[in-house]
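Participant: Here you go, one structure.
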């Protein structure tokens, strides 16, 4: 990949840490390590043989090629004078500059500035055209999804002609019959274009088996109605329906003519296998594509990079594959650049993702809203809200129209920061720009109010506002409202919301049950905890680590130690072994219940499981023994805490030391008096008192002792 030797202007000062310097005329980057790599050999392209190709494994990517410094942390740095044949070296060498590049119409970020939100002014923006292949933005709604070869925009539109007649037959197909059997009268009456339209309509309505039988019927016609366009329609539809096995059967039985050796057919097959999660078979289709000497395009590149990300491949491997595509003549495109940026964002390599974005724009490819959403979402997840805010301002200044997903990303970030007033402003701005809020938008608002105590009424008001505008709440919306009631101590309202949710036919998720259990844990109602837990197990919903800890803490704090042990046993069966936090909760519960004598045994159990006690473990034990005035054990475990280096934060430790210092002073004073008494007795400086006969007034007599002196009234 040959790049022009020109400075690249980063989109924001977020990449200001990438500075260059010159050594012996060679450019270097701070933090960029020059590593020796092995050159990757391209798969040789041969003409297709008559025999089928053997099943191939996923292409082996070179483990030595490196793109960015954070991808390889354990390799040693090579000599700077060596010039390896490394794609990253070539990439950054072509981008070097002896001084910082000049900003060009970009927004800068101020260091250590106050996090605040300012509503952006209304700017007449133009809509960006959607790419042919849209890479996934996880957890965010993508409103620009296309139709599968369908020429009808409204599902309620009555379709006329032969297509409408066949569609009606498919909808009301008699039992024990196939669609192909019912189409004898339609031979020669439908065109190739009509078949493609019909396949798209049936796939939208979920009639996938009818699609397969209709595809079979198309192949039996003379001449055959199956075309590459037909494959491009049915392959992704089968993948989305989870029928990847049927897709592979159709792909293996494609006609051997040149017409079907088309990159679009292979892209459709790979895309369908991506949707169905059959990544190994997608690699086989790609390898067959190389074997048959079919050149990939930018769509192939973007789909394969997405498959690599979903299959757990690293960003480094994705970049190596991207380099291979460039050497094969696949140029940078919006789809492939977006897919590689997504891979880097998934691993938290945000600065490197920005470098790729800057290079993409230097090649004349403008970022669309999907790429900006990907970057903003990654910055918000890494708790860098200032950078996400600056990206949003850059979107508006460049005339890119933000979508509902853009606003939802920001609203979710401010919701986690418990700033509902900013979420309200974003919601109003979103409506002012003509973007209709969806269920995700209102869920963020409910969650923003629900995270704060005594704000459950505002959360309930946001929930009612959502229903008033005609938006049906989902399980996440109900979970946010239940959590709001839980935090405010309204466990009855939380359970009523749970019942309303089930009444409306919405299945509770594991997060819903976790929020409901937390409400009754806070209320101390162990009976309801057991009831909800049994209901959860009855619906075959496995809990998470958070669910596990809530149940253990809820039972243990109410003195139900046997039930807490049962929870530990049950969750251990599904792979959730007790952690340090689990034992900390048990110790706290035992200490509050006066069972401090069992704390050393719990400590031994932790050692048996190779769990290292932390500062909370030791602090819990120290306070437990101080509460029962067992200072000897309290001082012992304080010594163990200091010795193991598990000292709590300064404020907590200062409070603990203040209590122990007072007790230590009293103990030392008593010890001093005892020691003096022993010394005087040994040296004969004190006389033993005579024990007189007790009378009825002995309790009121004052007995005085003196060391080294004669008592008054004695000779």
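Participant: By count of other Cβ within 10 Å, fewest leading, how are 435, 398 ordered?
Facilitator: Result, fewest neighbours first: 398, 435.
Participant: So what are the three principal axis dimensions of segment 204-294 from its Cα atoms, in whole Å, longest to shortest?
Facilitator: That gives 31, 29, 16 Å along the principal axes, largest extent first.
Participant: If you don't mind, there's one more thing I want to ask. Any idea how far apart residue 465 and residue 253 come out in nm if each label point goes 7 Å out from Cα toward Cβ?
Facilitator: 5.7 nm
Participant: Give the peptides 589-597, 276-284, 607-615 in descending order of average Cβ contacts within 10 Å, highest first.
Facilitator: Highest to lowest by the protection proxy: 276-284, 589-597, 607-615.
Participant: Among 319, 490, which comes first, second and so on when ranked by fewest other beta-carbon atoms within 10 Å?
Facilitator: Ascending Cβ contact count within 10 Å gives the list 490, 319.
Participant: Whole number please: convex hull volume per residue of the Cα set in segment 510-655, in Å³?
Facilitator: Convex hull of Cα atoms, per residue: 119 Å³.
Participant: Return one quarter of the surface area of the convex hull spanned by the alpha-carbon atoms of segment 240-281, equal to its mean projected area, in nm².
Facilitator: If I average the Cα hull's projected area over directions, I get 2.8 nm².
Participant: Between residue 384 and residue 500, what is the spin-label point distance in nm, taking each point 7 Å from the Cα along the Cα→C-beta axis?
Facilitator: Distance between the two pseudo-spin positions: 4.1 nm.
Participant: When 1/r is averaged over all different Cα pairs and the result inverted, which Kirkwood radius in Å belongs to segment 324-402?
Facilitator: Averaging 1/r across every pair of different Cα atoms and inverting gives 12.9 Å.
Participant: Label-point separation (nm) for residue 605 and residue 220, each offset 7 Å from Cα along Cα-to-Cβ?
Facilitator: That separation, rounded to one decimal, is 6.8 nm.
Participant: Another question, if that's okay. Could you compute the FRET efficiency for residue 542 and residue 657, with r as their C-beta to C-beta distance and R0 at 51 Å, rounded to 0.05?
Facilitator: Efficiency, from the Cβ-Cβ distance: 0.70.
Participant: What are the equivalent ellipsoid semi-axes of segment 229-343, built from the alpha-carbon gyration tensor (square roots of five times its eigenvalues), in whole angstrom, biggest first?
Facilitator: After diagonalising the Cα gyration tensor, the semi-axes are 22, 17, 11 Å.
Participant: Further question: Assuming 0.36 nm per residue, please report the length gained on full extension of the stretch residue 421 to residue 162 beyond their Cα-Cα distance.
Facilitator: Net length gain for the segment: 87.6 nm.
Values in this text are rule-based calculations from the coordinates and carry no lab data. Remember, it's a predicted structure, so these values are computed and weren't measured experimentally. Backbone-built Cβ (ideal geometry, glycine too); neighbour counts: all protein chains shown.
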